[in-house]
1. Just one of the numbered conditions (1) open to solvent by 40 Å² or more (accessible area, probe 1.4 Å); (2) in a loop (DSSP other than H, G, I, E, B); (3) in contact with a Lys or Arg (Cβ under 8 Å, 6 or more places away or on another chain) is not true of Y176; which one?
2. Against the definition (more than 25 Å from D324 (Cβ to Cβ), in contact (Cβ under 8 Å) with a residue 40 or more places away in the chain and surrounded by fewer than 24 Cβ atoms within 10 Å (Cβ to Cβ)), how does E66 come out, yes or no?
3. Suppose we filter I48, I71, I41 for residues that are more than 21 Å from L186 (Cβ to Cβ), outside any strand (DSSP E or B) and of a type in the set (A, V, I, L, M); which single one remains?
4. Name the single residue, out of those in segment 154-168 being of a type in the set (A, V, I, L, M, F, W, C) and buried (at least 17 other Cβ atoms within 10 Å of the Cβ), that is farthest from the chain's Cα centre (by Cα).
5. Could you pull out every one of the strands (runs of 3 or more DSSP E) wholly within segment 104-162 that has 3 or more residues that are touching a residue at least 40 places away in the same chain (Cβ under 8 Å)?
6. Quick one: which of V284, V297, V306, V321 is more than 30 Å from E193 (Cα to Cα) and under 14 Å from the mean Cα position of the chain (by Cα)?
7. If A226 satisfies every condition in (1) more than 16 Å from the ligand (Cβ to nearest atom); (2) at pLDDT 95 or above; (3) surrounded by 17 or more Cβ atoms within 10 Å (Cβ to Cβ) but one, which is the exception?
8. Residue under question is N138, and the condition is that it be open to solvent by less than 30 Å² (accessible area, probe 1.4 Å), of a type outside the set (F, W, Y), touching a helix residue (DSSP H, G or I) at 6+ places or on another chain (Cβ under 7 Å) and on the phi < 0 side of the Ramachandran plot; does it hold?
Amino acid sequence: MKKAHTTILLAVFTMLISCKHKENAIETKTSDSASNFGIVIHGGAGTILKEKMTDSLEIAYAQKLEEAIKIGHEILKNGGTAMEAVTKTINVMEDSPLFNAGKGAVFTHEETNELDASVMDGSNLNAGAVAGVTHIKNPIDLAVEVMDHSEHVMLAGEGAENFAVTRGIALVDPSYFYTENRFNSLQRIKSKEKMELDHDGKTAVSNSSAYDSFIKDSKFGTVGCAALDKNGNLAAGTSTGGMTNKRWNRIGDAPIIGAGTYANNATCAVSSTGWGEYFIRGMVAHDISAMMEYKGVSLEEAAREVIQKKIPALGGDGGIVAIDKDGNVTMEFNTAGMYRAHMNAAGELVVGIYKNIN
Ligand code: ASP
């Protein structure tokens, strides 16, 4: 009985990802009316290989992506704002232990969880971000508070949490973020690091290829969303626990406006996921928007240039999801996989995990 259930779910999932073939048609479609809207999400990019995945986990990811995107799609369909769709969609993924954001965030070297998030409103270029918070259940909500109710764009650590209290945002005990899976990942990375140290007597950081592989295996599941609403407004948001084994209050690209998140009604809305240090140096999200603004290239072309050429040339990896002012969508990545989904105004759904879907 259980097996039959799994088979049916798998068939549904296969059907969903086969909708990918429609993607080009969706991507090139532009709309003329106020009824145009759309939403695109990611749940992180990385070494996501089919052979390392169980059927049940694959289904769990596909279902959660679908649940999340449908929340945002419904908001947009009912005339809600792109910003509301982005935050409510991200909340679903933050609350799921499957993703490296909110519940399920990765562990730092000190076995704590430090969360980063940002949002940007393309209608007025307002933005809000938080970094290194340890007691905020839904960091994306605090990023919105920073944008709407402070004179600042970015708050960090304890100060950000004091601000959260003034805004009535409830704090949670840090144990809320614990998941066995993420904790075990930290232990695995630490023992690998120790082996390296024992082996050559140097720090792992100085052995760049070993360190690269630690890093490549230590990031999965940042979440992000970009949306276009019926009023033609764009918004984007990104939320993450960062990278496993991070230390020294390391902050990645996710809370950096222009790197992890960017939105501008004149161009597009973008959310990034990947090796944050490279995405900061590449100013990935803004770079895509700038190419559209200053060179007049399409969203698809701009995203491909940045993700397939600029970031790999620097040595980094990852991906983005983005939507432009006409509702064209792109989900570009240079890793083995990226959890992703897209829904257009017609309600057509695309869900994907791996690079090659067949
Ligand atoms: N970009 C995130 C960071 O560097 C990690 C990720 O997207 O997986 O913190």
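1. Among (1) open to solvent by 40 Å² or more (accessible area, probe 1.4 Å); (2) in a loop (DSSP other than H, G, I, E, B); (3) in contact with a Lys or Arg (Cβ under 8 Å, 6 or more places away or on another chain), Y176 violates only (2).
2. In short, no.
3. One residue alone meets the criteria, I71.
4. Here the answer is F163.
5. Output list reads 115-121, 126-133.
6. Going through V284, V297, V306, V321 in turn, the sole match is V321.
7. (1)
8. yes
The values are calculated or read from the model by the stated rules, or taken from the named source; none is laboratory data. Everything numeric in this text was worked out from a predicted model, so none of it was measured. Virtual Cβ from ideal backbone geometry, glycine too; neighbours counted across all protein chains shown. All accessible areas refer to the heavy atoms of the entire protein, side chains included, with ligands and DNA or RNA removed. Shrake-Rupley method; radii C 1.70, N 1.55, O 1.52, S 1.80 Å.
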